[in-house]
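Asks: Submitted below is the structure of interest, expressed as structure tokens.
The values are calculated or read from the model by the stated rules, or taken from the named source; none is laboratory data. What you see is a predicted model; the values in this text were computed from it and never measured. Backbone-built Cβ (ideal geometry, glycine too); neighbour counts: all protein chains shown. To get the accessible areas, we keep the full protein, side chains included, count just its heavy atoms, and leave off ligands, DNA and RNA. Shrake-Rupley method; radii C 1.70, N 1.55, O 1.52, S 1.80 Å.
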Amino acid sequence: MEEATEIEKNFETLFKQHYQQLCSYAFTFLKDAESSEDVVQELFIKIWEKQKLEIGATQLKYYLFTAVRNNCITRLQKNKKNYFEELKDEDATDEMKIFLEKNEEAAQPKELIAKAMELLPPKCREVFLLSRLSGHTYMQIAESLGISVKTVENQMGKAIRLMKAFAKENNIYAAMLSFIFFEKNLSQAIGVFINNTFLN
Amino acid sequence: MGENIHIQEIMLRYLNGEQTPEESRQLEQWITDNPSNAEEFDLIKKIWADTSSAALIPVDTHLAWQHVKAKIMGRETKVVKMFPWKRAMAIAASLLLVISVAYFLLKPKEIEWRETFAQKANLEIKLEDGTKISLRKGGKLSIPENFGKEIRQVKLEGEAFFDVVHNAQNPFSVITANSLIKDIGTLFLVQSTGIIEQVTVMEGEVSYTTKRETQPAILLKAGESAVNVKEKVQRKNVDTSNLISWSTRILTFNNTALTIVAKDLKNYYNIEIEIAGNLGIHKITAIFNNEPLEQVIKELGLLTGLAIKMQGNKLLISE
């Protein structure tokens with residue numbers, strides 16, 4: 001009986017630790033919060049019924065994200081939206097810049113970043129979001145998506161380059177950057193001042 | 001540009017916690033090289049941090065947990081007001097339920113086995129009774145649906161290490177193709193990968209007999225092995241130090257002969273090893289903690305002064 005409660009506790013911890021991340025991951029496929037939560041809850045119920053013995057196994061945490069992805073794709077296919085169709089034209093948008101309509105009224109950096117991620121090329125977005133939400137290693141991401149580690153690394157690089165260009169273009173971190181500039185200019189100014197004052 | 005991409009890859013590996021010490025050093029150097037590099041790094045760090053929180057959607061985890069808990073506990077609490085006649089029907093319905101449940105409980109049930117495969121990697125499994133099992137890659141463990149209640153028995157194909165929680169009233173047992181192993185509270189390794197089956201005890205005691213119980217059970221103590229070759233059982237003493245390195249990922253050698261080291265490396269890295277002449281008598285003292293083979297080769301070379309190199313899948317050790 002005591003052991004049963006321990007399993008329950010492990011299960012609860014597992015759920016609470018990953019629920020938001022998993023729902024957010026599901027959301028990247030389904031674009032609907034309610035069905036995203038459904039998919040994740042159904043998965044946990046299934047784990048409890050079928051794989052109770054493995055709760056706490058290190059492999060399980062890694063399996064969760066893969067399972068969410070599979071279940072989302074199944075759900076999309078059922079709804080006759082072809083997810084893979086969407087992925088095909090990924091190369092068209094390859095290294096294109098991410099453009100955002102310029103009508104945002106002073107949006108928060110995080111909102112802008114979220115929108116920018118939406119606009120990444122599909123494959124790139126998929127790799128990048130799985131990485132950022134799961135915290136998996138490149139190797140685990142590669143296995144989960146059935147691609148090579150090198151591809152994961154390339155897509156991650158592409159994502160960060162696009163995000164960086166976007167951040168600069170839209171001055172997302174303007175406050176932070178200008179502070180750095182200010183600091184740099186100030187130290188240069190001080191340097192000039194010292195040189196002029198004491199070296200002559 | 002090539003340089004930029006390279007340093008960017010290092011940055012990302014660094015942020016993901018996958019960098020090598022050499023890469024950390026390179027990155028530090030690059031950051032201190034130029035203030036604009038430091039700025040670039042700060043920007044990427046900021047994006048890295050913000051992207052993980054920006055990707056989150058708002059959910060009520062607590063509420064969701066209540067929902068899931070209610071479902072798995074099979075008690076979705078609904079308060080419903082009932083009229084007397086409805087109540088009578090409810091009682092009748094629950095009586096019917098009790099009868100059918102009793103029927104299913106009393107009916108002799110066939111044991112259902114739940115199978116777990118360690119397909120791609122070793123698997124850590126914790127059973128409901130607290131027993132821990134490391135299943136080596138390639139192995140299969142079958143656990144009965146009703147494990148723990150009346151019987152504590154599992155079936156194994158392949159190799160697994162058991163850390164059993166002892167219970168005198170309900171002893172734990174493992175069945176393999178040819179062996180029957182009963183624990184007396186203990187750590188033990190079962191290798192059932194071919195015609196030869198071997199059970200080795202690291203701690204505590206185990207009672208061993210062949211599956212068909214053609215021979216009286218023997219009691220194995222720590223450091224002892226039972227080797228079963230076609231129903232012939234031999235008891236022998238074994239060095240248990242690196243037996244479960246596949247699970248612990250640690251290889252320990254304490255003044256160990258190179259021939260033994262070679263055997264353990266062969267087992268861990270899945271390679272062939274050839275030692276020239278009588279070099280096998282070299283003694284090695286070292287600990288390898290999940291190190292890549294190249295690193296191990298390098299260290300062994302330094303320790304012994306011998307020429308060690310890979311040729312295909314074979315490690316050659318020569319003067």
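Asks: Please list, ordered by residue number, the helices (runs of 4 or more DSSP H) wholly in the range A:110-200 having 3 or more residues that are at the interface with chain B (Cβ under 10 Å from one of its Cβ atoms), modelled with pLDDT of 80 or more and buried (at least 19 other Cβ atoms within 10 Å of the Cβ).
Replies: Numbers: elements: A:122-134, A:138-145, A:149-169, A:174-194.
Filter on the range A:110-200 gives A:122-134, A:149-169.
Asks: Just one of the numbered conditions (1) touching a Phe, Trp or Tyr at 6+ places or on another chain (Cβ under 9 Å); (2) away from every other protein chain (no Cβ under 11 Å) is not true of B:THR61; which one?
Replies: Here B:THR61 meets the rest and fails (2).
Asks: Suppose we keep only residues that are of a type in the set (A, V, I, L, M, F, W, C) and touching a residue at least 40 places away in the same chain (Cβ under 8 Å) within the range A:1-50. Which one would you say is nearest to the other protein chains (Cβ to nearest Cβ)? Let's see the steps before the verdict.
Replies: Taking the range A:1-50 first, the residues of a type in the set (A, V, I, L, M, F, W, C) are A:1, A:4, A:7, A:11, A:14-15, A:22-23, A:26-27, A:29-30, A:33, A:39-40, A:43-45, A:47-48.
Subsequent filtering for residues that are touching a residue at least 40 places away in the same chain (Cβ under 8 Å) retains A:7, A:11, A:14, A:22, A:26, A:29-30.
Values: A:ILE7: 6, A:PHE11: 8, A:LEU14: 11, A:LEU22: 9, A:ALA26: 9, A:PHE29: 12, A:LEU30: 11 Å.
The qualifying residue nearest to the other protein chains (Cβ to nearest Cβ) is A:ILE7.
Asks: For the range B:134-190, enumerate the residues that are of a type in the set (Val, Ile, Thr), in contact with a Lys or Arg (Cβ under 9 Å, 6 or more places away or on another chain) and within 14 Å of chain A (Cβ to nearest Cβ). Even if it seems obvious, please write down each step before you answer.
Replies: So in the range B:134-190, the residues of a type in the set (Val, Ile, Thr) come out as B:143, B:151, B:154, B:164-165, B:174-176, B:181, B:184, B:186, B:190.
Now narrow it down to the ones that are in contact with a Lys or Arg (Cβ under 9 Å, 6 or more places away or on another chain): B:143, B:164-165, B:174-176.
Listed by number, the residues that qualify are B:ILE143, B:VAL164, B:VAL165.
Asks: May I ask you to list the residues in the range B:24-51 that are surrounded by 17 or more Cβ atoms within 10 Å (Cβ to Cβ) and over 19 Å from A:GLU169 (Cα atoms)?
Replies: B:LEU27, B:TRP30, B:ILE31
Asks: Identify all residues within the range A:29-48 that are part of a helix (DSSP H, G or I) and open to solvent by 10 Å² or more (accessible area, probe 1.4 Å); write none if there are none. First the steps, then the outcome.
Replies: We begin by selecting, within the range A:29-48, every residue part of a helix (DSSP H, G or I); these are A:29-30, A:33-48.
Scanning the range A:29-48 gives A:PHE29, A:LEU30, A:ALA33, A:GLU34, A:SER35, A:GLU37, A:ASP38, A:GLN41, A:GLU42, A:ILE45, A:LYS46, A:TRP48.
Asks: What's the total number of residues in the range B:57-68 that are in a helix (DSSP H, G or I) and crowded, with 17+ Cβ neighbours inside 10 Å? Give the steps one after another, and end with the answer.
Replies: First, pick out the residues of the range B:57-68 that are in a helix (DSSP H, G or I): B:61-68.
Within this subset, residues satisfying the condition of being crowded, with 17+ Cβ neighbours inside 10 Å are B:64-65, B:68.
Summing the residues that are in a helix (DSSP H, G or I) and crowded, with 17+ Cβ neighbours inside 10 Å in the range B:57-68 gives 3.
Asks: Within the range B:198-249, can you find the residues that are part of a strand (DSSP E or B), within 21 Å of B:SER134 (Cβ to Cβ) and open to solvent by 60 Å² or more (accessible area, probe 1.4 Å)?
Replies: Across the range B:198-249, the qualifying residue is only B:GLU203.
Asks: How many of the residues making up the range B:26-56 are outside any loop (DSSP other than H, G, I, E, B), under 18 Å from A:SER131 (Cα atoms) and within 8 Å of chain A (Cβ to nearest Cβ)? I'd like the intermediate steps shown before the answer.
Replies: Of the range B:26-56, the ones outside any loop (DSSP other than H, G, I, E, B) are B:26-33, B:35-54.
Still in the list and also under 18 Å from A:SER131 (Cα atoms): B:44-54.
With within 8 Å of chain A (Cβ to nearest Cβ) added as a condition, the list becomes B:44, B:46-48, B:50-54.
Final tally of qualifying residues: 9.
Asks: Of everything in the range B:145-161, what is touching an Asp or Glu at 6+ places or on another chain (Cβ under 7 Å) and either crowded, with 23+ Cβ neighbours inside 10 Å or not hydrophobic (A, V, I, L, M, F, W, C) (or both)? Give them in sequence order. Full working, then the answer.
Replies: Going residue by residue through the range B:145-161, those that are touching an Asp or Glu at 6+ places or on another chain (Cβ under 7 Å) are B:145, B:147-148, B:152.
B:GLU145, B:GLY148, B:ARG152, listed by residue number.
Asks: Filter the range B:108-128 down to the residues that are touching a residue at least 40 places away in the same chain (Cβ under 8 Å) and assigned to a loop (DSSP other than H, G, I, E, B), then identify the one that is nearest to B:LEU187 (Cα to Cα).
Replies: For the range B:108-128, the residue satisfying everything is B:ASN122.
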